[in-house]
Amino acid sequence: MARSFGPSLAQTTVNTKAGHIVVSRDMDRVEVWLKKFTAEAETGDVHKLTYHVISQNRQEIAVKANFSMVDNPLYGKLVYQTMTMA
């Protein structure tokens with residue numbers, strides 16, 4: 001019997017360790033968007049989202065994020081994210 005570890009996609013939220021870096025005015029939009037993406041995306045899908053984060057020196061920075069749905073052999077469907085400055 002195979003076992004998987006980690007949260008299910010239904011439990012996905014903005015990373016709580018990094019969630020404080022998303023500016024408050026964008027947080028609800030990012031969370032709603034991420035829940036929709038994880039619920040509807042198929043393996044191989046890539047979607048983009050632009051939002052703002054707070055840097056270490058407390059500056060607000062616009063970022064473009066690419067979210068990819070992948071099928072991980074150990075954990076099942078996972079969302080990977082990469083960011084660049086917008």
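The values are calculated or read from the model by the stated rules, or taken from the named source; none is laboratory data. Computed from a predicted model, the values in this text were never measured in an experiment. Cβ coordinates were reconstructed from backbone atoms using ideal geometry, including for glycine residues, and neighbour counts include every protein chain displayed.
In this structure, does Thr84 turn out to be exposed (fewer than 11 other Cβ atoms within 10 Å of the Cβ) and either touching a strand residue (DSSP E or B) at 6+ places or on another chain (Cβ under 7 Å) or among the β-branched types (Val, Ile, Thr) (or both)? Yes. Restricting Thr84, Thr38 to those that are more than 13 Å from the chain's Cα centre (by Cα), among the hydroxyl-bearing types (Ser, Thr, Tyr) and more than 15 Å from Val23 (Cβ to Cβ) reduces the list to Thr84.
If the condition is being without any contact (Cβ under 8 Å) to a residue 24 or more places away in the chain and either under 14 Å from the mean Cα position of the chain (by Cα) or part of a helix (DSSP H, G or I) (or both), then region 41-67 contributes Val46, His47, Lys48, Leu49, Val63, Lys64, Ala65, Asn66. Within region 5-30, can you find the residues that are surrounded by 12 or more Cβ atoms within 10 Å (Cβ to Cβ) and modelled with pLDDT of 90 or more? Within region 5-30, Val22, Val23, Asp26, Met27, Arg29, Val30 meet the criteria. Quick check on Leu49: is it modelled with pLDDT under 90, crowded, with 16+ Cβ neighbours inside 10 Å and out of contact with any Pro (no Cβ under 8 Å at 6 or more places or on another chain)? So Leu49 does not fit the description; no.
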